[in-house]
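As structure tokens, the structure follows; a few thoughts come after it.
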Amino acid sequence: MAYRILIVDDEKMLTELLSSHLRKSGYETFVAEDAQQAIAMLNIYPDLILLDINMPEMDGLKLCKIIRNNVACPILFLTARITEQDKINGLQAGGNDYITKPFSLRELTARVEAHLRRDARSKHTPKIVSSGGLIVNLAQRTVFYGEKPLNLSNREFDIVEFLMSNANQIFDKERIYEAVWGLDAEGDSGVIKEHIRKIRNKLTEITGREYIETVWGMGYRWKK
């Protein structure tokens with residue numbers, strides 16, 4: 001499936017040139033001439049956005065902030081502005097890079113390819129959470145202490161993930177049960193106590209440390 005690129009610029013000759021060139025390079029292109037059109041086209045879920053800064057009604061910096069609330073893809077500014085402060089403003093607004101006008105189509109294509117590769121790598125990078133020597137890979141659902149694996153059941157892993165991701169917050173048995181089993185689950189939150197006991201035993205056996213604290217009368221929390 002071809003990458004989708006949204007081009008936002010009020011210069012029709014430029015958008016036609018960019019759109020034609022990028023299509024020949026194997027991309028699927030969409031064009032917006034102003035901020036309102038660009039916002040309306042976010043539902044195409046673009047993989048990258050080329051965004052002009054100098055546009056009527058709403059400039060690219062303001063538009064970039066709005067886009068960033070909804071889309072995480074790379075945003076490359078197209079601009080004639082070249083001062084250091086302009087670049088800082090663009091990065092602070094949520095942009096990833098600057099392509100200064102006039103630019104060559106070869107340079108633009110190279111920048112686009114580089115950002116798409118970087119974005120693809122970041123999406124496939126496993127999410128890692130660490131605490132007190134424990135390394136939890138949330139994508140692969142593994143837990144290691146140094147080189148030693150911690151063998152957890154699916155439910156035990158889900159409890160560790162939930163508590164560890166909300167370290168220092170206290171949760172009663174009912175809240176943990178809802179988070180792990182789901183709101184519609186039919187069962188008894190009393191099973192949490194037994195699962196916590198098993199998790200603690202496995203953690204202590206490998207690490208010699210206590211990670212889950214019982215707060216009497218309130219519930220459990222993961223100690224940072």
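The values are calculated or read from the model by the stated rules, or taken from the named source; none is laboratory data. This structure is a prediction, so every number in the text was calculated from the model and none was measured. Keep in mind that these areas ignore ligands, DNA and RNA; they rest on the heavy atoms of the full protein, side chains included. Shrake-Rupley method; radii C 1.70, N 1.55, O 1.52, S 1.80 Å.
Short version: ³J(HN,Hα) in whole Hz for each residue of the stretch 45-52, in order, from phi by Karplus 6.51 cos²θ - 1.76 cosθ + 1.60 (θ = phi - 60°), x for Gly and Pro, what are they?
6, x, 8, 7, 10, 9, 10, 6
Rg to Rh for the stretch 61-179: what is it, with Cα atoms only and Rh by Kirkwood?
1.17
Let me have the relative contact order for the chain, percent, based on Cα pairs under 8 Å that are six or more residues apart.
12
Can you list residues whose amide H is under 5 Å from residue 29's amide H, if they're 5+ apart or on another chain and H is modeled 1.01 Å from N?
5
Explain nothing, just compute: Karplus ³J(HN,Hα) = 6.51 cos²θ - 1.76 cosθ + 1.60, θ = phi - 60°, for every residue of the stretch 64-77 in order, whole Hz, x for Gly and Pro.
So the Karplus estimates, Gly and Pro as x, are 4, 4, 5, 4, 5, 6, 10, 10, 9, 5, x, 10, 10, 7 Hz.
Using a 1.4 angstrom probe, figure out how much accessible area the stretch 1-151 has per residue, in square angstrom, rounded to the nearest whole.
57
Work out, step by step, the length gained on full extension between residue 58 and residue 34: first 0.36 nm times the residue separation, then minus their alpha carbon distance; give nm to one decimal.
Additional length available on full extension: 7.9 nm.
By how many nm would the segment from residue 178 to residue 43 lengthen if fully extended, with 0.36 nm per residue of separation less the alpha-carbon distance?
Additional length available on full extension: 45.4 nm.
Debye sum, Cα scatterers, the stretch 1-114, no solvent: what log₁₀ I/I(0) at q = 0.21 1/Å?
Debye output, listed in q order: -1.20.
How many percent of DSSP beta bridges within the chain run antiparallel, rounded to 5?
DSSP beta bridges in the chain are roughly 45 percent antiparallel.
With the contact rule set at Cα under 8 Å and sequence spacing of 6 or more, what percent relative contact order holds for the stretch 95-173?
Normalised by residue count, the contact order of the stretch 95-173 is 15 percent.
What value in Å³ per residue do you get for the convex hull of the alpha-carbon atoms in the chain?
It is 186 Å³ per residue.
Provide the per-residue ³J(HN,Hα) series for the stretch 146-161, in order, calculated from phi with Karplus coefficients 6.51, -1.76, 1.60 and θ = phi - 60°, each as a whole number of Hz, with x at glycine and proline positions.
Whole-Hz 3J(HN,Hα) from phi for the stretch 146-161: x, 9, 8, x, 9, 8, 10, 6, 4, 5, 5, 4, 4, 5, 4, 4.
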